[in-house]
Amino acid sequence: LLSLPGLGSRAIPVDERPHLAPALAAAAAAAGASPPLNLSTSNLSAVASESVDAVVSLSALCRANLTAALAEVRRVLKSNGRLVVFEPTLGLDSRSTRRLQVLASPLHEALTDGCRLDDDLAGLLEEGGWSRQSMARHSLAAARSWLTAPFVLGVWRP
């Protein structure tokens, strides 16, 4: 995701999982992006307002306080900046999958570094005034379980 064309010279990858920091730092360096940041407000507070071309989130928003994290992302992005996400999402194709994701989300959150399964990220972004540039919902065959298979890949502007 960091090497997508047009991300600009100041793209920041974000993640909440410390054990992935070395691999993410290497990927950021290889793509010429800024070093990765945690989505916590305290970490992004060091980033100047309207200074970032793109924020790239790979399964980080599912672990964050969405309201606070999206407010910080909006603050650091330039007016023409982009939020690029590849995140687990609430399955919208099947009512039974949605229901089970909501029921299993607290246990999944406890077992997987805090990732929630019961948010419709695309819907929340659009309700929050983000402008969708592109989006696709995917079902990952490589997911650990069918509960975590629904993912959203997309680009939004503040």
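In the condition set (1) loosely packed, with under 11 Cβ neighbours inside 10 Å; (2) modelled with pLDDT of 85 or more, A142 is compliant with all but (2). In the range 105-122, the residue that is nearest to the chain's Cα centre (by Cα) out of those that are in contact (Cβ under 8 Å) with a residue 12 or more places away in the chain and assigned to a helix (DSSP H, G or I) is L121. With respect to (1) open to solvent by less than 50 Å² (accessible area, probe 1.4 Å); (2) in a helix (DSSP H, G or I); (3) modelled with pLDDT under 85; (4) closer than 21 Å to E126 by Cα, the lone exception for G91 is condition (2).
Quick check on the range 106-122. Is at least one of its residues on the phi > 0 side of the Ramachandran plot and not hydroxyl-bearing (S, T, Y)?
Of all residues in the range 106-122, those on the phi > 0 side of the Ramachandran plot come to 113-114.
Still in the list and also not hydroxyl-bearing (S, T, Y): 113-114.
Looking through the range 106-122, at least one residue is on the phi > 0 side of the Ramachandran plot and not hydroxyl-bearing (S, T, Y).
Answer yes or no: is there a residue in the range 30-44 that is hydroxyl-bearing (S, T, Y), at pLDDT 70 or above, assigned to a helix (DSSP H, G or I) and open to solvent by 50 Å² or more (accessible area, probe 1.4 Å). No, there is no match, as no residue in the range 30-44 is hydroxyl-bearing (S, T, Y), at pLDDT 70 or above, assigned to a helix (DSSP H, G or I) and open to solvent by 50 Å² or more (accessible area, probe 1.4 Å).
Is it the case, given these coordinates, that A48 is over 15 Å from L153 (Cα atoms) and assigned to a loop (DSSP other than H, G, I, E, B)? Before you say what the answer is, go through the steps one by one.
Working: over 15 Å from L153 (Cα atoms): yes; assigned to a loop (DSSP other than H, G, I, E, B): yes.
When the stated conditions are applied, A48 passes them.
Output yes when any residue across the range 62-73 is at pLDDT 65 or above, closer than 30 Å to A110 by Cβ and among the β-branched types (V, I, T), and no when none is. Yes: the range 62-73 contains one or more residues that are at pLDDT 65 or above, closer than 30 Å to A110 by Cβ and among the β-branched types (V, I, T). Is it true that V102 is over 18 Å from the mean Cα position of the chain (by Cα) and either surrounded by 13 or more Cβ atoms within 10 Å (Cβ to Cβ) or among the acidic types (D, E) (or both)? Yes; evaluated as a whole, the condition is true for this residue.
Considering only residues in the range 120-136 that are open to solvent by 30 Å² or more (accessible area, probe 1.4 Å) and either in contact with a Ser or Thr (Cβ under 7 Å, 6 or more places away or on another chain) or of a type in the set (A, V, I, L, M, F, W, C) (or both), the one that is modelled with the lowest pLDDT turns out to be A136. On the stretch given as the range 68-88, residues that are out of contact with any Asp or Glu (no Cβ under 6 Å at 6 or more places or on another chain), open to solvent by less than 10 Å² (accessible area, probe 1.4 Å) and not in a helix (DSSP H, G or I) total 5.
The values are calculated or read from the model by the stated rules, or taken from the named source; none is laboratory data. The model shown is predicted, which means the values in this text are computed figures rather than measured ones. When we count neighbours, we look across all protein chains shown, and the Cβ atoms used for this are built from the backbone with ideal geometry, even at glycine. Note: accessible area is taken over every heavy atom of the protein model, side chains too, but ligands, DNA and RNA are not part of it. Shrake-Rupley method; radii C 1.70, N 1.55, O 1.52, S 1.80 Å.
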